[in-house]
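The values are calculated or read from the model by the stated rules, or taken from the named source; none is laboratory data. Source: prediction; values computed, not measured. Ideal geometry is used to build each Cβ from the backbone, glycine not excepted, and the neighbour counts take in all protein chains shown.
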Amino acid sequence: MVTLKIDNKVVTVPEDTTILEAAKSVHIDIPTLCYLKDINEIAACRLCVVEIEGHARLVPSCDNAVAEGMVVYTNSPRVREARRVNLRLLLSQHDTQCTKCTRSGNCKLQQLTTDYNLLGEHYVKDLKKTPDDYSNPVVRITNRCVRCMRCVQICDKVQGMHIWDLIGTGSRTDVGVGNFRTLSESDCTFCGQCITHCPVGALQERDDTGRVWDALADPKKVTIVQVAPAVRAAWAEHYHLDPKFATAKRMVSCLKEMGFNYVFDTNFAADLTIMEEGSEFLERFTHRDQYRWPMFTSCCPGWMRFVKGQFPNYVQNLSSAKSPQGMFGAVAKSYFAEKIGVDPHDIFVVSVMPCTAKKSECEFPNLNDACGDPDVDVVLTTREMVRMFRGEQIDPAHMPEQEFDSPLGSSTGAAVIFGATGGVMDAALRSAYYLVTGENPPADTFTAVRGMEGWKEATFTIPGAGPVRVAVVSGLGNTRRLMNALQAGDVSYDFVEVMACPGGCAGGGGQPIHDGKELAEYRGDVLWEIDRNMAVRYSHENEDVLKLYHEYFEKPLSHRAHHLLHTDLTQWKMPTEK
Amino acid sequence: MSRLDIKMPSKAQTTVENLYKDMERRIAASPPGLCPVDMSLTFLQLSHAQTCGKCVPCRIGLGQLTKLIAQVLDGEATMETIDIIEKTARSIVNTADCAIGRDAARLVLDGLEGFRDDYEEHVQHHRCLASLQTPVPCVSLCPAGVDIPGYMALVHRGRYADAVRLIRKDNPMPVACAYICEHPCEARCRRGMIDDALNIRGVKRYAVDHSGLVPNTPNAPATGKKVAIIGGGPSGLSCAYYLARMGHSATIFEKHKKLGGMLRYGIPAYRFPREKLDGEIESILSVGIEVHTNVNVGTDITFDTLREEFDCIYIAIGAHTDKKTGIPGEDSKNVMSAVEMLGAIGDDEMPDFTGKHVAVIGGGNVAMDVTRSAIRLGAEKVTCAYRRRTADMTALPDEVLGAIAEGAEVMSLAAPVRIEADENGVARALWVQPQLIGEMDKAGRPRPNNAKMEPVRIPADIIVVAIGQGIEMAGFEQSGVPVKHGGTFVAELSGQVGNMENVFAGGDCVTGPATAIRAIAAGKVAAANIDEYLGFHHEINEDVDIPNPELNNRPPHGRIDTTEVEACQRKCNFEDIEIGLTEEGVIAETARCLRCDHFGFGIFKGGRVEKW
């Protein structure tokens, strides 16, 4: 242990603790901008500088360890001056039109500027003139970037994709896409983790709210919205509402208020996915020698882009089942269109997803099986949906609860857990067990696949089918480790769930942003709690799904199911694919 | 008003003079990998500030050039901009009145020729081809990529054995490099921006002198693969060392009596004591390497036989043949080559030069080794004749000064023209033609031309030619190993030899005579790629925990140099001439390290490669 004094408070912390963390332990907050604990401790912004007795120069507190007897001042006159100068320097290269920025009110730089009472301009404005590219699901706005390098580090250290890099040297150094590519040319998975870790508005999703407003305004369009499982755990964070109050049903009211004709639940499609994917797994498992192993889940578009870009030899291992969003779109523009007697070309399907990669998924050219139009027209992130609520001045605190519309609105506990790491596996095993044995396992049989660990393994025995070796990974860095181990033959599994974002969709790149906080676990727990409280916790017991099979698909893996609910991932290419 | 004043610099002038010196050091310490266009622009702005303002091309033209190049960097230029830059710079070169304008514009033209692709990348894609691939200057300039900040920190804490282990991760010859490395790592040391580069080699020498015997990390399990290494010099030894650690069976075939290559048969013992060399070789062989000395591949065993018997081959035969001057009388008795002379010394067969007059031809490090060895062999007078000026010698300045201090005559601007022999064909004198230094060649070295003066006779009983070495191609060329025009083997940067799939080559035999550390690095690279070729991916790492840096708060401090044994004493024997740093010296010197692995770019882009 090391004892030192910070602002005249005596602090005792373990050796190797940074000055910043030591100060935090006694509730002394040192301002930071670039700092991201364990990920980006590079002392780039120089706002966390402190004065140390006996040292001629100021010292950044985020990357320097405490020492015995150190005397630290976090707010000396020199520190105050230096912080203000450095903040003003950052502002000189920052587009300060905050009113037009989606991060206004949730921006680290804006907060610091306000905290430090920085009025007027001291420096010549120095903005870049190069144009920004708004075509991809992930958008970077150059003149908002503070070059904190968090995006570079998240992409390197957590996701292992090395998309963002520091470009050039000298005064014009900028963050950009490395290896002489543009984002469109790159193998970016569009996971959006760079967005949720950006302290300012430099990285964000492509805003597609305009297309949704247009559709809502078009009297010819029947507008349908589906909401992904993980959205319900996070949508009301902006309003500081407890998830127990801010239920999915309250969100339904808000969406109805906006004017959607039908508010459905992606959870319905998640149950459907389990029926297809679970059946597919059993088909493969009972005809082992005809398939490549392991089978991978295919509901995460970041993961789909990852496999195709990084491990193309494993594309055949992916389940052919579409993601729940994809299945929903296809069902909405076929079965449901028939049911309500509407030309599917007049149906406009909007998805609200915790995800930016879903924007790329709905643009996959072969996801048009229902009527030739894209099965899903627009994907909004959770953040965009909240922005639309705000635009309508909807106050969820005063909205009633309301049921999802029928028939694509009912779901089970097995569906809602799709939004947390391990959930798809858990749900699939519940139904696979039933499909083999004809009996339900207790719903909490497969707890070994739950939890925040990045790479989980378990073996479960299904009577009559034998032991099933499963693995669950989240985060693409963990995924690459698993894939390398698979390739090297160090591990082998039957069924693997992969989610591109750490913690699964709950921590997705389209979720609300809380600087410096990782909320995947908290939101995941909300979803597991919903599952526990559901009357029905098995996908194969979703009455409306069974009715859909009865009326339309006949049975899982039927000819029509193959046409509408399955897809061929080899029919589209990553930019890096030949 | 006085009629004349004594010139005294103003305070401003004195300050600016100091800033010039600071900038000189700063430019010298530029990190490798900077944007060349940006640097051009910056140099141009500096040049523009030097203009007196009289003439149009310099006063206005340099300013317009800076604006145009800034447009390129700001992504506001078109391809036509590059043409305008070129035309303008050409015009300034053609019309400026003095060197200030002319040479400023010439820098721009040189840049357009040397890195036009980078200009174009900026214009077309708004980005730069350059990048700081390795964030730590010393590490990026070390051919073997040794973790220098890491071992500076370890030595600072007195952890000498750990320092040796850390160095061995990338370079299995820490002792050799501690004594004789040319330390390219020091060239861009960021400490130079404050005061002077760190004495990295001196620190390493302290570490190896005080580490005691450091056992090697155990080898990976045996793979059953066999690799033949032809040549037991630094490159071959390094390759064999890493291959053995990866679990492969490595066998060295060495033509000489002993291992060590040029470390033994080129570098004199006073620079690298033999017991140190032997200790290093012993340490390398301790990982389990089979050695066959006195075997010449090509005559004793054919290259093709080796290719059949082994899974892979690494050719690292060095550059051990001598080059001839071609002057009349070169075949006289008592005319020898540096390779012959130093080779014999390497096998402890000391020629007796007692009382002799020795003339040495050449101006490189080998010429200095010969000169200083000749003094130690008892020569009465040693004269080193060199065509260009002393300043143009390729030998390290310290070597030249050391030789002069030991009593050698360095005769510069003296081109050897013939060797005079007596009736028995025994050399009696070297005749040299005085030279006048002339225009620069393309590489920036001035050409010597015959001066209008009479040739000069240097009486000499023994004449040693030290003008470079060549490579013994016999035995390899006919087996299909590709050879370049200049007389070296052709190999890729991976060490792979053209179309011969199980053959790799590296070291002096590929690069031509170069440094030990480049040969060591080539051995390391070859070992990694041979491992991959054999179907493995063994990783080399050392479990050494690097101390955290201390606070980055370091006032300017002089560099602490090693010293030498005084000349009159050292010139009488072949004992080590260098006096290493003291403990207090090494602590102060390692404290000067700025820890670029942590501060600056290092902490962001990883100042450390932990394994390869």
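Among B:Ala161, B:Ala153, which is the only one that is modelled with pLDDT of 95 or more, surrounded by 24 or more Cβ atoms within 10 Å (Cβ to Cβ) and out of contact with any Leu (no Cβ under 8 Å at 6 or more places or on another chain)?
Checking each option against the conditions leaves just B:Ala153.
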- Query: Within region B:300-357, which residues are touching a Ser or Thr at 6+ places or on another chain (Cβ under 7 Å), surrounded by 13 or more Cβ atoms within 10 Å (Cβ to Cβ) and of a type outside the set (A, V, I, L, M, F, W, C)?
  - Reply: B:Asp322
- Task: Name, by its number, the condition in (1) within 14 Å of chain B (Cβ to nearest Cβ); (2) touching a Cys at 6+ places or on another chain (Cβ under 6 Å) that does not hold for A:Glu15.
- Result: (2)
- Scope region B:42-60; condition free of Cβ contacts under 8 Å to residues at least 40 places away in the same chain and more than 19 Å from B:Ile85 (Cβ to Cβ); matching residues: B:Ala49, B:Gly53
- Report yes if B:Arg205 is among the charged types (D, E, K, R), in a helix (DSSP H, G or I), farther than 30 Å from B:Asp311 by Cα and touching a Lys or Arg at 6+ places or on another chain (Cβ under 8 Å), otherwise no. no
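Where in region B:337-425 are the strands (runs of 3 or more DSSP E), entirely inside, with at least 2 residues that are among the small types (Gly, Ala, Ser) and farther than 18 Å from B:Pro268 by Cβ?
It comes to B:414-421.
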- Counting only residues that are modelled with pLDDT of 95 or more and within 12 Å of chain B (Cβ to nearest Cβ), which one in region A:67-95 is surrounded by the fewest Cβ atoms within 10 Å (Cβ to Cβ)? A:Met70
- Considering only region A:150-185, how many residues are more than 25 Å from A:Asp126 (Cα to Cα) and either away from every other protein chain (no Cβ under 12 Å) or under 23 Å from the mean Cα position of the chain (by Cα) (or both)? 13
- Applying the selection to region B:7-27, what residues are among the hydrophobic types (A, V, I, L, M, F, W, C) and more than 24 Å from B:Ala70 (Cα to Cα)? B:Met8, B:Ala12, B:Val16, B:Leu19
- Note on the structure: Among the residues of region A:419-444, the number that are polar (S, T, N, Q) and under 20 Å from the mean Cα position of the chain (by Cα) is 1
- Quick one: B:Met39 ticks every box in (1) in contact (Cβ under 8 Å) with a residue 12 or more places away in the chain; (2) under 35 Å from the mean Cα position of the chain (by Cα); (3) crowded, with 17+ Cβ neighbours inside 10 Å; (4) within 14 Å of another protein chain (Cβ to nearest Cβ) bar one, so which box is it? (1)
- Count of residues meeting criterion [facing another protein chain (nearest Cβ under 9 Å) and in contact with a helix residue (DSSP H, G or I) (Cβ under 9 Å, 6 or more places away or on another chain)] in region A:46-59: 2
- Item | region A:27-45 - residue that is of a type in the set (Asp, Glu) and over 22 Å from the mean Cα position of the chain (by Cα) and, of those, farthest from the other protein chains (Cβ to nearest Cβ) | A:Asp29
- Message: Looking at region B:455-466, can you tell me whether even one residue there is in a strand (DSSP E or B), in contact with a Cys (Cβ under 8 Å, 6 or more places away or on another chain), surrounded by 13 or more Cβ atoms within 10 Å (Cβ to Cβ) and among the aliphatic types (A, V, I, L, M)?
- Response: no
- List the number of the failed condition for B:Gln124; all other conditions in (1) under 21 Å from B:Arg592 (Cα atoms); (2) surrounded by fewer than 21 Cβ atoms within 10 Å (Cβ to Cβ); (3) not basic (Lys, Arg) hold. (1)
- Message: I want to confirm something. Restricting to region A:315-361 and keeping residues that are surrounded by fewer than 24 Cβ atoms within 10 Å (Cβ to Cβ) and among the acidic types (Asp, Glu), which single residue is nearest to A:Gly210 (Cα to Cα)?
- Response: A:Asp346
- Item | The one condition in (1) within 14 Å of another protein chain (Cβ to nearest Cβ); (2) of a type outside the set (A, V, I, L, M, F, W, C); (3) crowded, with 21+ Cβ neighbours inside 10 Å that A:Gln204 fails to fulfil | (1)
- Query: Among the residues of region B:591-612 satisfying the criterion of being part of a helix (DSSP H, G or I) and either within 12 Å of chain A (Cβ to nearest Cβ) or out of contact with any helix residue (DSSP H, G or I) (no Cβ under 7 Å at 6 or more places or on another chain) (or both), which is surrounded by the most Cβ atoms within 10 Å (Cβ to Cβ)?
  - Reply: B:Gly602
- Conditions: (1) of a type outside the set (Phe, Trp, Tyr); (2) in a helix (DSSP H, G or I); (3) buried (at least 18 other Cβ atoms within 10 Å of the Cβ); (4) out of contact with any strand residue (DSSP E or B) (no Cβ under 6 Å at 6 or more places or on another chain). A:Pro407 meets all but one. Number of the miss? (2)
- Message: Cβ contacts < 8 Å: first residue closer than 14 Å to B:Val37 by Cα and more than 14 Å from chain A (Cβ to nearest Cβ), restricted to region B:63-83; second residue of a type in the set (Ser, Thr, Tyr) and in a helix (DSSP H, G or I), any location; separation 6+ or different chain. Result?
- Response: B:Leu65/B:Thr88; B:Leu68/B:Thr81; B:Leu68/B:Thr88; B:Ile82/B:Tyr119
- Message: Quick check on B:Gly101: is it surrounded by 22 or more Cβ atoms within 10 Å (Cβ to Cβ), away from chain A (no Cβ under 14 Å) and touching a residue at least 40 places away in the same chain (Cβ under 8 Å)?
- Response: yes
- Item | Meets criteria (of a type in the set (S, T, N, Q), within 14 Å of chain B (Cβ to nearest Cβ) and under 25 Å from A:Val152 (Cβ atoms)) for A:Asn64 | yes
- Residues satisfying the stated conditions in region A:1-12, i.e. more than 14 Å from chain B (Cβ to nearest Cβ) and under 21 Å from A:Ser76 (Cα atoms): A:Thr3, A:Lys5, A:Ile6, A:Asp7, A:Asn8, A:Lys9, A:Val10, A:Val11
- Which ones in region B:533-560 are surrounded by fewer than 13 Cβ atoms within 10 Å (Cβ to Cβ), away from chain A (no Cβ under 14 Å) and not in a strand (DSSP E or B)? B:Asp543, B:Gly558
- Please work out which one of (1) crowded, with 23+ Cβ neighbours inside 10 Å; (2) within 11 Å of chain B (Cβ to nearest Cβ); (3) aromatic (Phe, Trp, Tyr) is the condition A:Phe190 fails and give its number. (2)
- Query: Only one residue in A:Asp515, A:Asp531 is touching a residue at least 60 places away in the same chain (Cβ under 8 Å), within 15 Å of A:Ala270 (Cβ to Cβ) and under 24 Å from the mean Cα position of the chain (by Cα). Which one?
  - Reply: A:Asp531
